[in-house]
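The values are calculated or read from the model by the stated rules, or taken from the named source; none is laboratory data. Only a predicted model underlies this, so the values are computations on that prediction, with no experimental measurement involved. A quick note on method: Cβ atoms are made from the backbone with ideal geometry, for glycine too, and the neighbour counts reach across all protein chains shown.
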């Protein structure tokens with residue numbers, strides 16, 4: 001039975017993902033950035049041409065929203081969004097962007113094809129878009145710096161998941177570890193991959209879950225206690241987060257300008273999983289996480305990460321304490337009301353009526 005258990009776990013995860021996919025197919029597609037910076041905090045105010053068209057904000061496309069004479073574009077636009085901007089003369093156009101497009105070079109730590117896609121967008125279609133843009137919104141000053149001729153506004157992401165419980169920390173089971181990273185973090189994960197593989201071999205009762213699928217570092221593939229799921233669409237990912245709990249979550253980050261300018265949204269993922277967060281000791285995490293209270297801030301030395309994993313495997317009470325601290329942090333810095341109020345002011349909308 002012990003030999004079959006990992007495969008049983010994998011089958012269960014795949015079945016739940018298939019169920020989440022069925023739900024996602026009947027709901028409009030949503031991007032993580034749209035949810036984090038706009039759509040979730042403004043739920044109840046957004047309609048479409050066919051559904052609740054009388055609401056004050058209309059969703060025009062996957063990445064574009066309109067409120068009166070204001071338009072909001074989340075990260076990327078294409079010909080459809082550009083056509084709307086050309087046909088309608090908006091008073092203000094907001095571009096929400098959470099990638100440091102000014103820090104794309106071979107030292108940025110990104111996969112080469114990912115970097116090239118960002119460069120192609122920055123040097124191509126974005127040049128067509130920027131003449132329409134009046135305001136740029138981003139989670140860091142570094143991202144905003146190249147847009148000095150626009151109105152630049154700081155906005156940090158909201159917590160878009162429910163807060164996970166912590167009872168799993170008190171159950172007698174092996175350490176469940178998650179790396180909630182996309183392929184843009186592949187080189188960051190590779191940096192600690194040998195250490196994680198050694199830990200998993202030494203602790204066969206521990207389990208690792210990533211969303212890197214076939215892109216996972218070679219040393220982590222084919223381990224019986226590692227599962228590399230495919231990258232999930234936003235709604236499927238939210239369903240997964242709502243259903244799964246982990247003890248520890250890893251967020252390594254190489255010291256690059258691109259990484260330092262990222263948002264701290266990973267803190268919200270870890271809180272939702274009910275996990276103790278392990279973070280590289282640098283921005284954006286060093287600006288919000290308090291070491292040994294709301295997570296662990298670690299130097300980019302694999303041995304430090306191995307020691308931290310070992311500590312939390314042996315001291316579940318410490319892992320639970322850090323997870324609780326991370327959840328308190330996420331609630332404090334991830335307020336949806338804060339993000340909602342930002343947009344109500346910018347779009348000159350009235351606050352929604354409180355439910356009675």
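Is there a residue in the stretch 161-172 that is over 23 Å from residue 268 (Cβ atoms) and touching a strand residue (DSSP E or B) at 6+ places or on another chain (Cβ under 6 Å)?
There is no residue in the stretch 161-172 that is over 23 Å from residue 268 (Cβ atoms) and touching a strand residue (DSSP E or B) at 6+ places or on another chain (Cβ under 6 Å).
Name every residue in the stretch 318-343 that is without any contact (Cβ under 8 Å) to a residue 60 or more places away in the chain and either assigned to a loop (DSSP other than H, G, I, E, B) or surrounded by fewer than 19 Cβ atoms within 10 Å (Cβ to Cβ) (or both), in order of residue number.
318, 321, 328, 332, 341 - these are the residues of the stretch 318-343 that are without any contact (Cβ under 8 Å) to a residue 60 or more places away in the chain and either assigned to a loop (DSSP other than H, G, I, E, B) or surrounded by fewer than 19 Cβ atoms within 10 Å (Cβ to Cβ) (or both).
Evaluate the stretch 239-249: report whether one residue or more is free of Cβ contacts under 8 Å to residues at least 24 places away in the same chain and under 26 Å from residue 30 (Cβ atoms).
There is no residue in the stretch 239-249 that is free of Cβ contacts under 8 Å to residues at least 24 places away in the same chain and under 26 Å from residue 30 (Cβ atoms).
Determine if the stretch 197-211 includes at least one residue that is farther than 19 Å from residue 313 by Cα and within 20 Å of the chain's Cα centre (by Cα).
Checked the stretch 197-211: at least one residue is farther than 19 Å from residue 313 by Cα and within 20 Å of the chain's Cα centre (by Cα).
Restricting attention to the stretch 59-72, and to residues there that are more than 15 Å from residue 36 (Cβ to Cβ) and assigned to a strand (DSSP E or B), which single residue is nearest to the chain's Cα centre (by Cα)?
Going through the qualifying residues, I end up with 64.
Taking residue 75 and the conditions (1) over 26 Å from residue 340 (Cα atoms); (2) under 22 Å from the mean Cα position of the chain (by Cα); (3) modelled with pLDDT under 95, which numbered condition does it fall short on, given that it satisfies the others?
Unmet condition: (1).
Here are some residues: 294, 265. Which one is within 17 Å of the chain's Cα centre (by Cα) and within 24 Å of residue 36 (Cβ to Cβ)?
265
Please determine, by comparing only the residues of the stretch 171-184 that are within 15 Å of residue 213 (Cα to Cα) and modelled with pLDDT of 95 or more, which one is farthest from the chain's Cα centre (by Cα).
178
What is the residue count in the stretch 48-65 for residues that are closer than 18 Å to residue 351 by Cα and either out of contact with any strand residue (DSSP E or B) (no Cβ under 6 Å at 6 or more places or on another chain) or touching a residue at least 24 places away in the same chain (Cβ under 8 Å) (or both)?
5
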